[in-house]
Amino acid sequence: MDLRQLRYFVAVARERNFTRAAQMLHIAQPPLSRQIQLLEEDLGVPLIIRTSRPIRLTEAGRLFYEQALQVLGRVEQMQSATRRIGLNQNSVVSIGFVASTLYGGLPSLVRKLRQRAPDVDIQLLEMVSVQQIPALKEGRIDMGFGRLRHSDPNVVGTVLREERLVVAIPKDTPLAEDASPLAVAALAGQKVIVYPKEPRPGYADHVLNLLQSHDARPAEVQEVREIQTALGLVAAEAGVCIIPSSARQMRSDVHYRLLEGEGATSPVILSHRAGDNSRYIELVKRLIEEMYAENPPWLDPAYNFVPTHGSIDSPAAHVETF
């Protein structure tokens, strides 16, 4: 599989006709058809239903089309950013993030960074915490906002805050009759939904370890890929789910209760390469301190424990192993 085949497939999927797609690509139809056939052989599944007029995509084809658009879009971004760097037109800062940080301070931070450094091209890449460490070391991102502590000497991690955890509960169930904080041990015997299903280790393991440390053995554990899916299943009364407190704004059709007990928090960690003295990393650190001084709603002390080290460069903030 190569980028040319992706572009050919996208053209065919858009035009729903091999002849028009070939004309648009300025190639003959036979080699276009052959490349699509090779792509299908490589994947091992048919992507196009050729017997219909106009042609239609199979279920696999529709999924592949959406993914191909994302890949090609990312390639275009890479090409554009590389040209700008080569022409000294702009600097690029790539930031990896876990999805739950979008409900805390990340959007505000990025807005401030754009205002303070209009010359920088900010690229935001969603990736789970365990993926951020190799991405930093390989230079694919410049900094990451995750939730997994690590001990890699090549990556500096700074705990920005310990966010309290809440449990999402289906409405009209016994646990939803009260709004007071709930002991972790009270979740024993419940069906628990955790995320992400992979890669591991990750936030799901943090939740399962928390339950185990409080002797709260679930009746059943269901693993899903995303927090949105997990909360949707809670709304469907499939179980309960433990999430960072800032993410409770995602759905209003479930009931939320703070969790009480040792370890019932999830850290928000800023990571970057050791020895990286980029002015943008220092700027991000200053902007974070400014944001925290403003006491925004997502930093409500009832839901967060903020280190009292005074500066995010304090040695007390560096990440230690779980």
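The values are calculated or read from the model by the stated rules, or taken from the named source; none is laboratory data. This structure is a prediction, so every number in the text was calculated from the model and none was measured. Counting neighbours? That spans all protein chains shown, and the Cβs are built from the backbone with ideal geometry, glycine included. Note: areas computed on protein heavy atoms with side chains; ligands, DNA, RNA excluded. Shrake-Rupley method; radii C 1.70, N 1.55, O 1.52, S 1.80 Å.
When residue 124 is tested against (1) under 15 Å from the mean Cα position of the chain (by Cα); (2) part of a helix (DSSP H, G or I), just one condition goes unmet, and that condition is (2). Scanning the stretch 251-308 for residues that are open to solvent by 40 Å² or more (accessible area, probe 1.4 Å) and among the acidic types (Asp, Glu) returns 253, 260, 262, 282, 289, 290, 294, 300.
Taking the criterion of being free of Cβ contacts under 8 Å to residues at least 40 places away in the same chain, open to solvent by 70 Å² or more (accessible area, probe 1.4 Å) and either touching a Leu at 6+ places or on another chain (Cβ under 9 Å) or in a loop (DSSP other than H, G, I, E, B) (or both), the residues of the stretch 191-214 that qualify are 197, 198.
For residues that are modelled with pLDDT of 85 or more and not in a helix (DSSP H, G or I), scanning just the stretch 58-100, find the one that is surrounded by the most Cβ atoms within 10 Å (Cβ to Cβ). If we take residues in the stretch 58-100 being modelled with pLDDT of 85 or more and not in a helix (DSSP H, G or I), then 98 is surrounded by the most Cβ atoms within 10 Å (Cβ to Cβ). Taking the stretch 215-241 as the range and being in a loop (DSSP other than H, G, I, E, B) and either open to solvent by 50 Å² or more (accessible area, probe 1.4 Å) or not assigned by the TED database to the domain that holds residue 98 (or both) as the test, the residues that pass are 215, 217, 219, 225, 226, 236, 237.
Yes/no matrix, rows are residues, columns are (1) outside any helix (DSSP H, G or I); (2) modelled with pLDDT of 90 or more; (3) in contact with a Lys or Arg (Cβ under 7 Å, 6 or more places away or on another chain); (4) not hydrophobic (A, V, I, L, M, F, W, C):
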residue: 102; (1), (2), (3), (4): no, no, no, no
residue: 110; (1), (2), (3), (4): no, yes, no, no
residue: 113; (1), (2), (3), (4): no, yes, no, no
residue: 144; (1), (2), (3), (4): yes, yes, no, yes
residue: 158; (1), (2), (3), (4): yes, yes, no, yes
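Scanning the stretch 127-179 for residues that are open to solvent by less than 30 Å² (accessible area, probe 1.4 Å) and within 19 Å of residue 234 (Cα to Cα) turns up 165, 166, 167, 168, 169, 170, 176. For the stretch 226-241, the criterion of being of a type in the set (S, T, N, Q) and more than 28 Å from residue 150 (Cα to Cα) is met by none of the residues. Entry remark, the stretch 8-53: residues being in contact with a Leu (Cβ under 8 Å, 6 or more places away or on another chain) and crowded, with 17+ Cβ neighbours inside 10 Å number 16 in total.
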